[in-house]
Each structure stands twice: as C-alpha cells, then as structure tokens.
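The values are calculated or read from the model by the stated rules, or taken from the named source; none is laboratory data. The shown structure was predicted, so the numbers you read here are calculated from the model rather than taken from an experiment. FYI the Cβ positions are ideal-geometry reconstructions off the backbone, even for glycines, and counts take in every protein chain you see. We work out accessible area using only protein heavy atoms, side chains counted, and drop any ligands, DNA or RNA first. Shrake-Rupley method; radii C 1.70, N 1.55, O 1.52, S 1.80 Å.
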Amino acid sequence: MTRYRNMDHRPATTSWARSTPGMEYDGFYLHTAVVQESGPHYKYYKQLSRASSNRNATRQIVAHFRCHNCSHTWHTGQLCVQLFLASNDRYRTILHAQQCQGCEAYVEPQVDEENYVKKIVGALDLWTNRRERQEPMFDRKTTGPHDEERCHGCQIGICSR
Ligand SMILES: [Zn+2]
Ligand SMILES: [Zn+2]
C-alpha cells in the first residue's frame, strides 16, 4: 500500500502545464530555431512559470492564422507571446491564441519564425547581458488596431498592447 501512498504525496508535476487547451501554446517547438540563432546556451525549460521566473515580459510577434472551423484567415504583427527567464539561461515562451472574427473559435497561431527568433533571442540576450540595449530595439509593424476582445493575452490581462 505504501506505493499508493507515495503516489498521493508526489508533487504536482503537472501544475506547470495548466495552460488552457486551445488558448495557450507552449513555444518549445520553436526552440530549435532559437538555438540556430543564438547558439546552444539557452535551455528550454517547460516547468517555468511567471512565478518561478526571474524576468518576464510579453512580445508582439508576426503571425498568421487560419481558422480550423470556418477557414477564415488573418495576419497580425501583434501575436501575444509571453517570455520567461530563470537562472542558468533557462527560458520558456507561451503563445496566446486569437479568436476568429468569423466564428469566435480560438485559433492556434502560425508564427513567423524569423520574427519570433529575432525578438525572443533579442530579449534573452539583453536580459543576460549578452548585448547592449539598442534603439530602436524592435521594429513596430503597423498591422491595424489590435483586436483586444479576441486576443487571449488581452483577455487574461498580460498582453502588452
Ligand atoms: Zn472561424
Ligand atoms: Zn492582446
């Protein structure tokens, strides 16, 4: 019976993954592209959360959307991406879905990898003192007003727009 007792007392290892299905997407699949740009020092750490990180911020990334429900497509320069950094170059990103204007479904973003890598590595390098701050730090692409009502990042109050 001890075995079961141990299981009861196991730490809640899944608590980090409490991202809302369909509304938040882990950026792990983009880590390969980050490493290609930055070199191998940054480690993707899926357990990282806002609470356990030393630095956190949101970045606006270029992305494309195609609704799985009604096939409506749109483009944004303002995809809300959360970035967390902890000790020893560990980082994590969370991509926030946007809602379709046609049917209100939450749609997974198709990230512009080049833009993502540039902004994420840029922020990490700045935070870890690998580069000096430059002005202007990031290009501000104008793609029309941000649809705050349909941005999941805005809905939970973490979008910087
Ligand atoms: Zn739709
Ligand atoms: Zn937003």
Testing Cys67 on (1) of a type outside the set (A, V, I, L, M); (2) over 16 Å from the mean Cα position of the chain (by Cα); (3) open to solvent by 60 Å² or more (accessible area, probe 1.4 Å), one condition comes back false. Which one is that?
(3)
Does the range 34-54 include one or more residues that are open to solvent by less than 60 Å² (accessible area, probe 1.4 Å), of a type in the set (S, T, N, Q) and in contact with a Gly (Cβ under 8 Å, 6 or more places away or on another chain)?
no
Identity of the residue in the range 62-73, more than 16 Å from Met23 (Cα to Cα) and in a strand (DSSP E or B), that ends up nearest to ligand 2 (Cβ to nearest atom):
Val62
Checked the range 133-161 for anything of a type in the set (D, E, K, R) and modelled with pLDDT of 85 or more; matches are Asp147, Glu148, Glu149, Arg150
Filter the range 90-114 for residues that are charged (D, E, K, R), touching a strand residue (DSSP E or B) at 6+ places or on another chain (Cβ under 9 Å) and under 16 Å from Ala33 (Cα atoms) and give the result.
Arg90, Arg92, Asp112, Glu114
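Each row is one residue, and each column tells you yes or no for (1) at pLDDT 95 or above; (2) more than 19 Å from Ile158 (Cα to Cα).
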residue	(1), (2)
Leu30	yes, yes
Gly39	no, yes
Asn54	yes, no
Gln60	yes, no
Ala63	yes, no
Val81	yes, no
Phe84	yes, no
Ser87	yes, yes
Arg92	yes, no
Could you list, in sequence order, the residues of the range 98-121 that are surrounded by 20 or more Cβ atoms within 10 Å (Cβ to Cβ), over 14 Å from the mean Cα position of the chain (by Cα) and in a loop (DSSP other than H, G, I, E, B)?
Cys100
